[in-house]
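Heads up: the structure comes next, in structure tokens.
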Amino acid sequence: MARTAGSNLDLGFIPTPDKPNVLIRKVGRGTVGIARVRCDTDGLGFLDRPAIEDAFLVSHHLSDFRSDIWVDGKPVPKPRSIAGLTTIHDFRHDIACYMHTAFDTMTFHLPRVVLETVHPESQVGRLEDLSIEPSRCIKDTTIAAMVAAMLPALTMPERISLLFLDHLSCALATHIITAYGRLSAVKGGGTLAPWQERRVKEMIAARLDGEIRLADLAAECRLSVGHFVRAFRQTTNTTPHQWLLQRRVEHAKTLMQDGARALSEVALDCGFADQSHFTRTFRRLVGVSPRAWRHHNAAADTTSHDGAVEGGLAA
């Protein structure tokens, strides 16, 4: 009997003792679900069969474990060691899975509409499909790097900006399309119009805490998320998230001119999670620590003031 199409966004088909906490992000017309799924005991057994859905589940394996998978009734071969490998499940197929051992996996639920949003037809042609063998393990260092960047967001989501999460979600979808998508020839990209660039920068500068979504910025420019991200980079030679970090640092420089303000206070006022995050970002963009920058500029201001006073006395 055919199963009814549904959504697997909440990973309800995985009956772990602790229900996975799915971090949900809107990307264009679709929703990405991000979760770390762990089970510390062996013998979970058969998982419930996922609903039929026009979507993919990107699973990056953080540990070795043993399982059996069947796609449309056929067994899928797996290597002996799978830690560090990635599996892309195609929910349009009938998937059965039996878990023999404990496991630890990072998952990304990617509906097809998200992939189409990231690479709209007007820019790169029609997305035909992904050239993958469903549920087979692959080695993808780019996905591994994105997982490493995303993991902290799942343990402390309140300390990660929404714009950063949107960027990683968009970047993952873009990589999946680029690496595995069957596409028509790419057309040349463009830049933002002056009014678009001005409006986006105003919106980002007004929300230095990062509580703004790529979808909101793209909608303001009347562009898809994928087109907007490419046009912003083409226009500014950086990403919206990096531009946000640069504005935070510039604002911090202004606040640090008040020598009485603690660096921890400056960090929070500029949208950084804490002073450590502020220091790392400041050093990467400026080349010195905030403390060293403040000391140097305070000394320069003192020298300039003393020179002005001496000049006045001499006159």
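Just so it is clear, none of the values below were taken in a lab; they were calculated from the coordinates. Computed from a predicted model, the values in this text were never measured in an experiment. Every residue, glycine among them, receives a Cβ derived from its backbone with ideal geometry; neighbour counts consider all protein chains shown.
Highest-first packing order for the peptide set 163-169, 270-276, 105-111 is 105-111, 163-169, 270-276, based on the mean count of other beta carbon atoms within 10 Å.
Quick note on region 23-182: its Rg to Rh ratio, both from C-alpha atoms and Rh being the Kirkwood radius, is 0.95. The alpha-carbon positions of the chain define a convex hull whose volume is 158 Å³ per residue. Assuming charge only on the beta carbon of Lys and Arg (+1) and of Asp and Glu (-1), the dipole of region 23-182 about its Cα centre is about 220 debye to the nearest 20. Computed over the chain, relative contact order equals 15 percent, with contacts defined as Cα pairs under 8 Å that lie 6+ residues apart. The mean sequence separation of alpha-carbon pairs under 8 Å and at least six residues apart, normalised by the residue count of region 1-86, gives a relative contact order of 27 percent.
With angles folded into 0 to 90 degrees, how steeply does helix 275-286 sit against the dominant principal axis of the chain? Use alpha carbons for both and round to 10. Once rounded, one gets 70 degrees.
So, with +1 on the Cβ of K and R and -1 on the Cβ of D and E, and no other charges, what is the size of the charge dipole of the chain about its Cα centre, to the nearest 20 debye?
Roughly 560 debye, rounded to the nearest 20.
Its DSSP H runs of at least 4 residues, each contributing -39,500 (n - 2.57), put the calculated 222 nm mean residue ellipticity of the chain at -13500 deg cm²/dmol, to the nearest 500. Packing around the peptides 213-222, 82-91, taken as the average count of other Cβ atoms within 10 Å per residue, puts them in this order, highest first: 82-91, 213-222. Compute the Cα gyration tensor for region 194-295, then decide on rounded, prolate or oblate, letting a ≥ b ≥ c be the square roots of its eigenvalues: rounded whenever a/c is under 1.5, prolate when a/b is larger than b/c in the other cases, and oblate in all that remain. Prolate.
Helix 194-206 axis versus longest C-alpha principal axis of the chain: approximately 80°, rounded to the nearest ten. Here's the list of lysines a cross-link from Lys253 could span, going by alpha-carbon distance under 23 Å and ignoring same-chain residues fewer than 8 apart: Lys201. Packing order of peptides 229-240, 42-53, highest average first: 229-240, 42-53 (average count of other Cβ atoms within 10 Å over each peptide's residues). Relative to the longest principal axis of the Cα atoms of the chain, helix 240-255 runs at roughly 30 degrees. Region 18-59 and region 190-238 have their alpha-carbon centroids 30 Å apart.
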